[in-house]
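**Student:** Have a look at the structure that comes next, please.
The values are calculated or read from the model by the stated rules, or taken from the named source; none is laboratory data. Note that the coordinates shown come from a computational prediction; the quantities given were computed from them, not determined experimentally. Reconstructed Cβ throughout: ideal geometry from the backbone, glycine too, with neighbour counts over all protein chains shown. We work out accessible area using only protein heavy atoms, side chains counted, and drop any ligands, DNA or RNA first. Shrake-Rupley method; radii C 1.70, N 1.55, O 1.52, S 1.80 Å.
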Amino acid sequence: MVGTISDVRWQAEALSEVVGTLAGSDPDRAERIARSITDNLWQGLALARVAAAVAADNPERAEALCIGADQLARGVSGPDVQAKALMRIAGVVADIDPGQARQMAQSISDPAMRAETLARVAGALAIRDPDQCEYLLRTITDVGLQTEAYATCAQIVAGNDVNRAASLCRQAEQLALKNVNIGPRADALRRITG
């Protein structure tokens, strides 16, 4: 069915979705399909999906796939499209290799996309490396996203470290109160309180 799609970009997207579905049950076949995709964005995303599927059983393979996905994202032409590629791929990589995802996020040229990706990576780090999580939270330049990211990370760590969760909530509240726009401030405070 995918082979009958004549538009190369749509075919690449469809194949990437097939890889995402197949990766859990047959990662070798999923990787072969991923490597057949000719569009860097969709091939990188497909490889990241395979990495996510094999990470628990084969971390070395997952790491190699993440590096390949990162390189493909950086090979996408055009700064806007490259930023979107890095953002999407880093979002998948964050759960596998947060360090790699952080590097990808920090290289995104668009400030809003960089902030959103850093928030996603911080969430992935909340349990594994809470200090690094907090460091990343402080680097987010969009106050709304930063507030939301603090609140999300507080929810993630609440089961393991109540004191850290309370500290993250206080940070989120302070940021929300600094926000001069009343609508976003109210939204942010609602997210903090759950």
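**Student:** Looking only at segment 26-44, which residues are part of a helix (DSSP H, G or I), open to solvent by 50 Å² or more (accessible area, probe 1.4 Å) and of a type in the set (D, E, K, R)?
**Tutor:** Those that are part of a helix (DSSP H, G or I), open to solvent by 50 Å² or more (accessible area, probe 1.4 Å) and of a type in the set (D, E, K, R): Asp28, Arg29, Arg32, Arg35.
**Student:** State all residues of segment 125-167 that are assigned to a loop (DSSP other than H, G, I, E, B) and either of a type in the set (Phe, Trp, Tyr) or over 15 Å from the mean Cα position of the chain (by Cα) (or both); if no residue qualifies, say none.
**Tutor:** Answer for segment 125-167, where residues must be assigned to a loop (DSSP other than H, G, I, E, B) and either of a type in the set (Phe, Trp, Tyr) or over 15 Å from the mean Cα position of the chain (by Cα) (or both): Asp129, Thr141, Asp142, Ala158, Gly159, Asn160, Asp161.
**Student:** Can you run down the residue pairs with Cβ atoms below 8 Å, 6 or more apart or on separate chains, where the first is in segment 128-153 and closer than 13 Å to Thr117 by Cα and the partner is assigned to a helix (DSSP H, G or I) and among the charged types (D, E, K, R)?
**Tutor:** Pairs found: Leu136/Arg102; Thr141/Arg114; Asp142/Glu116; Leu145/Glu116; Glu148/Arg191.
**Student:** Just to check your reading of the model, which residue among Ala48, Ala56, Ala52 is out of contact with any Asp or Glu (no Cβ under 7 Å at 6 or more places or on another chain), aliphatic (A, V, I, L, M) and within 19 Å of Ala105 (Cα to Cα)? Outline the logic, then answer.
**Tutor:** On the way: Ala56 fails: within 19 Å of Ala105 (Cα to Cα); Ala52 fails: out of contact with any Asp or Glu (no Cβ under 7 Å at 6 or more places or on another chain).
The unique qualifying residue is Ala48.
**Student:** Does segment 3-11 contain at least one residue that is open to solvent by less than 20 Å² (accessible area, probe 1.4 Å) and either out of contact with any Pro (no Cβ under 6 Å at 6 or more places or on another chain) or among the small types (Gly, Ala, Ser) (or both)?
**Tutor:** Within segment 3-11, not a single residue is open to solvent by less than 20 Å² (accessible area, probe 1.4 Å) and either out of contact with any Pro (no Cβ under 6 Å at 6 or more places or on another chain) or among the small types (Gly, Ala, Ser) (or both).
**Student:** Hey, any hits in segment 73-85 for a residue that's closer than 29 Å to Ala166 by Cβ and open to solvent by 50 Å² or more (accessible area, probe 1.4 Å)?
**Tutor:** Among the residues of segment 73-85, not one is closer than 29 Å to Ala166 by Cβ and open to solvent by 50 Å² or more (accessible area, probe 1.4 Å), which makes the answer no.
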